[in-house]
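Only one structure is covered here, and it is reproduced in the block below.
Read-outs: derived from the displayed coordinates by stated rules, not from any lab. Note that this is a predicted model, so its numbers are computed, not measured. As a convention, Cβ positions derive from the backbone with ideal geometry for all residues, glycine included, and neighbour counts pool all protein chains shown.
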Amino acid sequence: MEEHILVGLSSAPSNARIIRTAATMAAAFGCKFTALFVRTPNYEALSEENKERLRANTELAQTLGATVETVFGDDVSYQIAEYARLSGVTKIVVGRSAATRKHPWSKPTLTEKLTAIAPNLDIHIIPDASVDGSYRPKTAPPKFNFKLALRDWLLTIGILILATILSYGFSKVGFTEANIIAVYLLAVLLTSMATSTRSSYVLSAIGGVLVFNFFFTTPKFSLRVHEHGAPLTFLIMVVAALIVGTLTDRLKSQVKQSAQAAYRTNLLFETSQMLQKAPNDDKIFQTARTQVTKLLGRTVSVLPGVTASNRKNALRYPIKSQEKVYGTVIVEGNEPLEAFENSVLLSILGDCALALENSRNAREKEEATLRAENEKLRATLLRSISHDLRTPLTTISGNASILLSDGEELDAGTKRQMYEDIYDDSAWLQNLVENLLAVTKIGEGRMELKMQPHLAEEIVSEAMQHISRKASEHHITVEHQNELLLAQCDARLMVQVIINLVDNAIKYTPVGSHILIFTRQEDTEAVFGVSDNGPGILDGEKQQVFQMFYTGSTAVADSRRSLGLGLSLCKSIVAAHGGEITVSDNQPAGAVFTVSIPAGEVEVHE
């Protein structure tokens, strides 16, 4: 079973030493390390000194590699044990002061409670410097808000008046004093629910007893008591009212904690969803800024990398994993964050750091795959070139050698045929070199497009002057649906596309085949097409013919192998123009290659 060490966060002066010891243990075991803060209803009453120490201990734990978590509840030992059970914690580190009783009549210690609740946990007790002291978390003096207290007191008096009116009506119809006492207890309950100051339900409890004594006990309209057991009844009323008020106040605190926990869960879930959809690092940083702003309600900026900011009145938090710091979150204002806000903030930044790390790993994996693919393509290219250049070079070299040595003995027809063979092979090599250069430029991102409106007819006309000499062996026709059709393109590259498509049709169709070059306009697009009535392309190969080095199963008419660069280059050029190239079947036989690019507009200069 994998080890998981848990240490508690508190405002105790010795907590820093306990955290360091737990971090050392986690490093020695090489295991998961968690620092847990149990937020009780008493947290709000902590002094600023203790809150600041708690924040320092939280930052220390995070610096030492701990995952900081916050849970809510009254019973610290139960919350720790339950978190340990759900999170697979195997060892808990506590201070000695949490493991020893001060007096025999003292309450059970944290260690004793943890042992009783979770007997399977290993509890490590660390010497605590405060074991001989009497450390108790200092509470801040309550802040008195006169306007708030006045509002609550007036509301309390109003509820008491309503309770008295109701009780007076009950007494008139014969209700007993027990029923009237219940009305005043209800008033205390309503007061504690409707007000936010503790003095309100204390005032309601004492005031309810005095009003009950004044209006409903003998002698009426007097605070004197004649009945022997009345003082005890009044005391029980006060105690019961205070208990009701205290329990209600605690319930309100628990509801607030539950609301905070729900908010934390929703915010982290929302952050997780946004990070999953983030396509790049910039979007991850934007998500961090958005979510931290939503959490704190302050001005937040996020800077990539390690940032040495000189801003005053600002808090800085790193977005980091165990290996690297990815960015810095700067929160305007120097007011320290509460433990709840700090815990949620650290969780958000931890999620963002994980997303950035995953993004970096994905990029590295993609780059490694790309390098491997490039290496594979390079090897394939060299192998194909070394094989396929041999035939034309051998032909050129052989014919040239014969012409040099025996040229005078050859007749004119034989010489012309040899000259034509040399020319054809040279043109094939030139076209191959042009395609290789274009593929290299596109692969290196050096392809610069000179986009201007050009007549489609002129592009086709220019391409026809550079197609293979074997075009004379086929029936090639050109059709322009609109002679004034403009295409927004780089004319030189589009000429190369038409040349490749026509040469491809010549290469894969038998002598005497019909090849049609056509142009037309479809909505806002200029369409170029080349069709033939050759053997066509199998359905299973239609999506592969545009892949680099794919040559298909159709035999080449001139028996010369193809490198499979032409159609791949066409697709890259058309994509750079924001267009699309497709292949379909011609009827009754053959193939149709269609290129669609944005149509151009005539520029009128006034």
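Residue separation times 0.36 nm, minus the C-alpha to C-alpha distance between ASN482 and VAL511: what's the value?
Taking ASN482 through VAL511 to full extension adds about 7.4 nm, to one decimal.
Highest mean first, what order results for 525-535, 473-483 on Cβ atoms within 10 Å?
525-535, 473-483
Using all C-alpha to C-alpha distances in the range 42-90, build P(r) with 5 Å bins and read off the rounded percent in each one.
Spelled out bin by bin, the range 42-90 gives 5, 16, 19, 24, 25, 9, 2 percent.
Provide the FRET efficiency to the nearest 0.05 for the PHE29-THR63 pair, computing r from the beta carbons and using R0 = 30 Å.
Working from the Cβ atoms, E equals 0.95.
Between their Cα atoms, which of LYS32/LYS320; LYS507/LYS542; LYS450/LYS542; LYS256/LYS294; LYS450/LYS571 are more than 20 Å away from each other?
Violating the 20 Å limit, Cα to Cα: LYS450/LYS542.
Would you mind getting me the FRET efficiency between ALA45 and LYS294? Use the beta-carbon distance for r and R0 = 22 Å, nearest 0.05.
Values: r = 27 Å, r/R0 = 1.25.
Calculated value: 0.20.
Working out 0.36 nm times the residue gap between ASP74 and ARG492, then minus their Cα-Cα distance, what length gain in nm do you get to one decimal?
Net length gain for the segment: 142.7 nm.
Once R0 is set to 22 Å, what does the formula 1/(1 + (r/R0)^6) return for the Cβ-Cβ distance between LEU538 and GLU373, expressed as a FRET efficiency to the nearest 0.05?
Efficiency at R0 = 22 Å is approximately 0.30.
Only loop residues by DSSP count here, and only those with at most 15 other Cβ atoms within 10 Å; note down the trypsin sites (Lys or Arg not before Pro) in the range 180-284 that meet that. Spell out each step's value before the answer.
Numbers: sites: ARG198, LYS220, ARG224, ARG250, LYS252, LYS256, ARG264, LYS277, LYS283; in loops: LYS220, ARG224.
Those that pass, being in a loop and sparsely packed, are LYS220, ARG224.
Dividing the alpha-carbon radius of gyration of the range 219-301 by 2.2 N^0.38 Å (N being the number of residues), what value is obtained?
Ratio of Rg to 2.2 N^0.38 Å for the range 219-301: 2.27.
How far is the Cα center of the range 449-478 from the Cα center of the range 1-16, in Å?
77
Take each of the peptides 364-372, 185-193, 77-85, average the number of other beta-carbon atoms within 10 Å over its residues, and list them starting from the highest.
Ranked by mean Cβ neighbours within 10 Å, highest first: 185-193, 77-85, 364-372.
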